[in-house]
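Q: This is the structure I want to talk about, given as structure tokens.
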Amino acid sequence: MRAYKGLKDGKVLIESDTKDDIEILNSQIRDKCGDRLETKVQKRRNPSLIIYNIPDEVTLHICAQNSELALTKGNISTKFIFKTKRNARNLVIELAPQTHRIMLQNKPKIRWMICNTDDYISVNRCFKCSQFNHHFSECRSEETCPLCAGKHKLKECTAPRAEYKCINCKTYNKYNQTRSINVEHSSLHRKCPSMQAMIAKYKQNTDY
């Protein structure tokens with residue numbers, strides 16, 4: 001067991017490093033306390049993949065155009081398409097684990113193009129308080145700048161880069177006295193220790 005946390009309504013969250021450990025623990029609880037406790041093993045999410053620079057106005061037939069990969073249509077679902085600042089169109093799809101491995105190892109063909117792919121990892125960060133695991137519409141915290149951790153909006157920030165501070169790393173240090181992490185960066189920085197921890201947790205909860 002790696003972590004133990006009490007939740008609302010008398011529920012308890014137990015985390016482990018391996019799937020086998022969770023299954024053993026789940027079996028033991030059911031055998032010894034099945035008449036008093038109900039257990040549920042959280043299902044890990046399917047992985048998502050980003051396909052870069054797909055053609056304009058394209059009707060996607062990934063399975064048909066890549067028959068040599070033996071893809072199953074039911075194992076691929078389109079999530080969304082977004083444009084970059086340079087107007088490149090990128091497609092995000094959700095896949096079954098085996099299909100995800102095949103797609104990463106083989107560049108898919110879409111119409112006349114061979115496209116690059118990569119894992120798509122989405123960390124949920126609030127635009128209001130810059131903290132993780134909730135949306136702006138659910139936020140009950142005060143406004144916090146993602147650049148300098150000041151109590152103002154991002155567009156109002158005048159702090160130079162040398163004065164950037166990460167609110168998430170500051171919060172971590174506040175509650176973890178035995179180990180401190182660097183806070184001299186914005187909460188938007190990709191190498192932010194708190195962001196990296198969230199990415200690691202996202203991967204852990206994904207069925208690769």
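The values are calculated or read from the model by the stated rules, or taken from the named source; none is laboratory data. These figures come from a predicted structure and were not determined experimentally. Backbone-built Cβ (ideal geometry, glycine too); neighbour counts: all protein chains shown.
Q: For region 51-91, which residues satisfy the criterion of being in contact with a Leu (Cβ under 7 Å, 6 or more places away or on another chain) and under 17 Å from residue 206 (Cβ atoms)?
A: 75, 76
Q: Turning to a different aspect of this structure: Can you spot a residue in region 152-161 that is outside any helix (DSSP H, G or I), buried (at least 17 other Cβ atoms within 10 Å of the Cβ) and touching a Ser or Thr at 6+ places or on another chain (Cβ under 9 Å)?
A: No, that holds for no residue.
Q: Kindly indicate the residue of region 12-24 that is β-branched (Val, Ile, Thr) and over 22 Å from residue 100 (Cβ atoms) and also modelled with the highest pLDDT among those meeting that condition.
A: 24
Q: Here's another thing I want to ask about it. So how many residues does region 107-138 have that are surrounded by 15 or more Cβ atoms within 10 Å (Cβ to Cβ) and among the aromatic types (Phe, Trp, Tyr)?
A: Residues flagged as surrounded by 15 or more Cβ atoms within 10 Å (Cβ to Cβ) and among the aromatic types (Phe, Trp, Tyr) within region 107-138 amount to 2.
Q: Here's a follow-up. Considering 180, 187, which residue is under 21 Å from the mean Cα position of the chain (by Cα) and not assigned by TED's automatic domain parsing to the domain that holds residue 71?
A: Exactly one of 180, 187 is under 21 Å from the mean Cα position of the chain (by Cα) and not assigned by TED's automatic domain parsing to the domain that holds residue 71, namely 187.
Q: Determine whether region 45-57 contains at least one residue that is among the basic types (Lys, Arg), more than 19 Å from residue 106 (Cα to Cα), loosely packed, with under 14 Cβ neighbours inside 10 Å and within 27 Å of the chain's Cα centre (by Cα).
A: yes
Q: Here are 139, 192, 148, 126: which of them is within 23 Å of the chain's Cα centre (by Cα), touching a residue at least 24 places away in the same chain (Cβ under 8 Å) and farther than 30 Å from residue 65 by Cβ?
A: It is 192.
Q: Among the aliphatic types (A, V, I, L, M) and farther than 20 Å from residue 206 by Cα, is that true of residue 96?
A: No; evaluated as a whole, the condition is false for this residue.
Q: Which residue is modelled with the highest pLDDT, if the candidates are limited to region 25-84 and must be part of a strand (DSSP E or B) and in contact with a Lys or Arg (Cβ under 7 Å, 6 or more places away or on another chain)?
A: For region 25-84, the residue satisfying everything is 48.
Q: Could you list all residues from region 176-203 that are in a loop (DSSP other than H, G, I, E, B) and of a type in the set (Gly, Ala, Ser)?
A: Within region 176-203, 180, 186, 187 meet the criteria.
Q: Related question: Being among the small types (Gly, Ala, Ser) and at negative phi is the filter; apply it to region 59-106 and report the residue that is surrounded by the most Cβ atoms within 10 Å (Cβ to Cβ).
A: Of everything passing the filter in region 59-106, 96 is surrounded by the most Cβ atoms within 10 Å (Cβ to Cβ).
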